[in-house]
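The structure appears below as structure tokens.
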């Protein structure tokens, strides 16, 4: 895919508050505005940051909902049919979205952003833990959570900028400028990962949600997926025993979950495994409340990095 040149731009927008908002832009009949559908939040944020006022963003995954199992309503299908450009992740990541895309007219351009990144195999599960860890899998058997490495967000931003500039070349200069600002922020975020997680007492990122392999690879950590311990059911004695043995061997003091554990389960984990629990957000969907409070991909990833640095005792 042809990549448009991206120039380096200072992060002054962060300081001055001039960067684009994460809220969906208002649709108008103005000829300077066109509709772009984004299949889930990370792509939505890229579209809004690059497109600015020229884009009306159609978010196919409702705020706060998981991306993989989204079911498009009749209203959302109607909105989708009005888009001139559709951005999605294929390979079975969102089956209902891919099904709907096949019905769109030829005048609609659909871009599978997975073609712009290198996929990793699915991470391994800790031997001895029972059940299956949380976390989506692509039809190819690869790990879909590419957006959790800022380098992949940069690659997808470049691909999306290119697609938008091809669709509306009259705005290509603005798209390129906006993309440069956003990419500079993503580069800074990647540098934070590189420096904050460079020296850790443990390099094992133990998580019940098998979603952080791309972040772990960037930080030279090993993602270890566990099963048998989650907020919805009683913990498996076999899993607790296997986790405890691994935690002792690998100096693991924190196990990461997608949501906060109930107090009784957190206590069990501490007593049986000798580890505390912490939350890591996979940034698949941000709730309306968090969006209203100013949450973005950048702010959530910064919080994730800080929690990992504390949990793995990095310096």
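Separation of the stretch 87-159 and the stretch 214-278 by C-alpha centroid, Å? That distance is 26 Å.
Just checking the listed ones, 262, 282, 150: in the Gaussian network model of the chain with Cα springs under 10 Å, the one fluctuating most is 262. Over the stretch 254-298, what relative contact order in percent results from Cα pairs under 8 Å that are six or more residues apart? Taking the mean separation of contacting Cα pairs over the length of the stretch 254-298, I get 41 percent. Using Cα atoms only, what is the angle between the long axis of helix 172-196 and the major principal axis of the chain, expressed in degrees (0 to 90) to the nearest 10? Taking Cα atoms only, the helix is inclined about 10 degrees.
Can you sort 241, 185, 258, 170 by how many other beta carbons sit within 10 Å, fewest first? Before the final figure, lay out each step's value.
Numbers: 241 15, 185 21, 258 18, 170 10.
Placing the least packed residue first, the sequence is 170, 241, 258, 185.
Antiparallel versus total DSSP beta bridges in the stretch 197-311: what percent is that, nearest 5? Taking every DSSP beta bridge with both residues in the stretch 197-311, the antiparallel ones total about 10 percent. Overall, the anisotropy analysis places the stretch 197-311 in the oblate class: the square-rooted eigenvalues a ≥ b ≥ c of its C-alpha gyration tensor yield a/c not less than 1.5, with a/b not exceeding b/c.
Taking the number of Cβ atoms within 10 Å of each Cβ as an exposure proxy, the fewest-first ranking of 171, 40 is 171, 40.
Normalising the Debye intensity of the chain to I(0), with uniform scatterers on Cα atoms only, and taking log10 at q = 0.08 Å⁻¹ returns -0.38. Of the beta bridges in the chain, as assigned by DSSP with both residues counted there, near 15 percent are antiparallel. Sorting 208, 287 by the number of Cβ atoms found within 10 Å of their own Cβ, with the fewest placed first, yields 287, 208.
Here, each number is a calculation from the coordinates, and none is a lab measurement. Since this is a predicted model, take the numbers as computed values, not measurements. Note that we place each Cβ from the backbone using ideal geometry, even for glycine, and neighbour counts take in every protein chain shown.
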